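The values are calculated or read from the model by the stated rules, or taken from the named source; none is laboratory data. Computed from a predicted structure; not experimentally measured. Note that each Cβ is placed from the backbone with ideal geometry, even for glycine, and that neighbours are counted across all protein chains shown. SASA here: full protein model, heavy atoms, side chains in, ligands and nucleic acids out. Shrake-Rupley method; radii C 1.70, N 1.55, O 1.52, S 1.80 Å.
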Amino acid sequence: MELNSIKIRIAGTVKESVVDGPGLRYVIFTQGCPHHCEGCHNQDTWDPKGGKLIGAHDLLNDIKKARLIRGVTFSGGEPFLQARALARLGREIKNWGLDVITFTGYTWEELLRNNDPGFKALIEISDYLVDGPFMLAERDIGLAFRGSRNQRIIKVRDTLDVGQPVTLNYF
Ligand code: SF4
């Protein structure tokens, strides 16, 4: 898949964030989310036809201009709705020397059960995956980078190597 031919539907971007993973990060808020968590703060991202379409190449060029960032975060919305496109963009981001963190409302186990090649590709280019829906009953404002206690910071490479989630409390 040529990067030039890929469009990604986004709600917006933040060029320098310190609240979406370790270090200074470029954040892409993808558009469209099927989870509809009670208490979601990003309800504007739910409509899969909302937001705007942007070329993956244009996103990459913008990311390359952000000289001080450590990495890129795919957030939402639900990034896995556009898994193949984000995996392709993610590969370029990694080649540029940055790390990738993907937030998802799916659990790690749900993603694997789905057995979708696009899901697999997005998992594999992610250094970390923050998984699971936001659960109001599990809400904890003391957690780093997550809204509720059910959500996990998963080290993707280690998890794939040992076959079960390897998690961190903090990046
Ligand atoms: S997964 Fe995230 S964006 Fe989607 S409804 Fe839940 S909290 Fe909102």
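What is the dipole size for the chain, taken about its Cα centre, with +1 at each Lys and Arg Cβ and -1 at each Asp and Glu Cβ, in debye to the nearest 20?
On the way: 22 positive and 21 negative charges, 94 e Å.
Using Cβ point charges on Lys, Arg, Asp and Glu, the chain gives about 460 debye.
Distance in nm between label sites at Asp62 and Ile141, each 7 Å beyond Cα in the beta-carbon direction?
3.1
Considering the alpha-carbon set of the chain alone, what are its Rg and its Dmax in angstrom?
Taking only Cα atoms of the chain, I get Rg and Dmax of 14.8, 43 Å.
At 1.4 Å probe size, what's the solvent-accessible area of Lys65? Round to the nearest 10 Å².
150
Accessible area, 1.4 Å probe, largest first: how do His36, His57, His41 sort?
The ordering from most to least exposed comes out as His41, His36, His57.
How big is the charge dipole of segment 58-157 about its Cα centre, in debye rounded to the nearest 20, if each Lys and Arg gets +1 on its Cβ and each Asp and Glu gets -1 on its Cβ?
On the way: 16 positive and 13 negative charges, 70 e Å.
Computed charge dipole of segment 58-157: roughly 340 debye.
Give me the one-decimal nm value for the distance between modelled label points at Asn42 and Val166, 7 Å along each residue's Cα-to-Cβ direction.
2.6
Taking θ = phi - 60°, what integer Hz values does the Karplus form 6.51 cos²θ - 1.76 cosθ + 1.60 yield along segment 98-107, in sequence order, with x for Gly and Pro?
Residue by residue, segment 98-107 yields 9, 8, 10, 10, 10, 8, 8, x, 7, 7 Hz.
Go through Ile54, Ile93 and list them by solvent-accessible area, largest first, probe radius 1.4 Å. Each step should come with its number before you reach the end.
Working: Ile54 40, Ile93 0 Å².
Accessible-area ranking of Ile54, Ile93, largest first: Ile54, Ile93.
For Leu136, Leu89, give the ranking by accessible area with the largest first, probe 1.4 Å. If you can, show how the numbers build up before the last one.
Values: Leu136 80, Leu89 0 Å².
If we order Leu136, Leu89 from most to least accessible, we get Leu136, Leu89.
Let me have the relative contact order for segment 95-149, percent, based on Cα pairs under 8 Å that are six or more residues apart. List each step's numbers first, then the result.
On the way: 57 pairs, mean separation 20.0, N = 55.
Value for segment 95-149: 36 percent.
Once you keep just the Cα pairs under 8 angstrom separated by 6 or more residues, what percentage relative contact order results for the chain?
Numbers: 360 pairs, mean separation 33.1, N = 171.
Taking the mean separation of contacting Cα pairs over the length of the chain, I get 19 percent.
Run the reach check for Lys155 against lysines, Cα to Cα strictly under 22 Å, same-chain hits fewer than 8 apart removed. What comes back?
By straight Cα distance, Lys155 reaches Lys94, Lys120.
With every protein chain left in place and a probe of 1.4 Å, what is the accessible surface of Lys120, to the nearest 10 Å²?
So the heavy atoms of Lys120 present about 120 Å² to solvent.
Any idea which of Gly132, Ile69, Trp46 is furthest toward the positive side of the dipole for the chain, if Lys and Arg beta-carbons carry +1 and Asp and Glu beta-carbons -1?
My answer, from the dipole projection, is Ile69.
What is the extension gain from Glu109 to Arg91, computed as 0.36 nm multiplied by their sequence separation minus the C-alpha to C-alpha distance, in nm to one decimal?
Numbers: separation 18, 0.36 × 18 = 6.48 nm, distance 2.31 nm.
Taking Glu109 through Arg91 to full extension adds about 4.2 nm, to one decimal.
In whole angstrom, how far apart do the alpha carbon centroids of segment 7-21 and segment 67-141 sit?
Measuring centre to centre over Cα atoms gives 12 Å.
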